[in-house]
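The values are calculated or read from the model by the stated rules, or taken from the named source; none is laboratory data. Because the structure is a prediction, the values reported are computed rather than measured. Heads up, the Cβs are rebuilt from the backbone with ideal geometry, glycines too, and the neighbour counts pull from every protein chain shown.
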Amino acid sequence: MTMGTMTTSKKKPVLGACPECDANVAFTKTPFLGQKKNCPECLSELEVIGLSPIELDWAYDYSGFDGEDDYDAEDY
Ligand SMILES: [Zn+2]
């Protein structure tokens, strides 16, 4: 078995920096804009906001972003 050429054909992992703790966040595949990823260090939920270079920002929970204004939240 020869596995000597294995490393050369592999792409390098794509690294981004966590905005929270500055840790390296590695992507095994090329990330896409808006991709969510958790920081391996501080477990912040991050989102890809730039691709060259990789930029990461906190991912915010947009669930119910539209139309949840009439949710009865003010009387707590
Ligand atoms: Zn982090």
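Just a few scattered comments:
- Per the conditions (1) of a type in the set (Asp, Glu); (2) surrounded by 10 or more Cβ atoms within 10 Å (Cβ to Cβ); (3) at pLDDT below 65, the sole criterion not satisfied by Glu55 is (3).
- Among residues of region 17-40 that are within 9 Å of the ligand (Cβ to nearest atom) and among the aliphatic types (A, V, I, L, M), those with a beta-carbon under 8 Å from a residue that is part of a loop (DSSP other than H, G, I, E, B) and modelled with pLDDT of 95 or more at least six positions away or on a different chain give the pairs Ala17/Ala23; Ala23/Cys39; Ala23/Pro40; Ala23/Glu41; Ala23/Cys42; Val25/Cys18; Val25/Cys39; Val25/Pro40.
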